[in-house]
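**Student:** Handing you this structure, nothing more for now.
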Amino acid sequence: MTTTDIPLPNLAAALRAQHGTLAPRYTELYKLCLDAQIPAYQDRGRWYVKRDDLPRIAEILALPLAA
């Protein structure tokens, strides 16, 4: 884990801040991680996503771009 990585519980808030729209809840994001549908990795039992992957995750989730 690096300092730019986002813990999975904070992913919805990070997506909301970047895109200004509601993102899926933690449970849905967790399922997507387990199914390898979004880029994420596990470190010491916790899931993280790289901040650089936020645009890709938003595209996968079909979130609109912020105006």
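**Student:** Six or more apart or on different chains, Cβ atoms under 6 Å: show the pairs whose first residue is in the stretch 12-38 and of a type in the set (G, A, S) and whose second is modelled with pLDDT of 95 or more.
**Tutor:** If the second residue must be modelled with pLDDT of 95 or more, the pairs left are A14/I6.
**Student:** Okay, next question. Within the stretch 24-49, how many residues turn out to be under 9 Å from the mean Cα position of the chain (by Cα) and of a type in the set (A, V, I, L, M)?
**Tutor:** 4
**Student:** Of all residues in the stretch 39-65, which are among the β-branched types (V, I, T) and modelled with pLDDT under 95? Break it down stepwise before answering.
**Tutor:** Of the residues in the stretch 39-65, the ones among the β-branched types (V, I, T) are 49, 57, 60.
I57, I60, listed by residue number.
The values are calculated or read from the model by the stated rules, or taken from the named source; none is laboratory data. Since this is a predicted model, take the numbers as computed values, not measurements. Cβ coordinates were reconstructed from backbone atoms using ideal geometry, including for glycine residues, and neighbour counts include every protein chain displayed.
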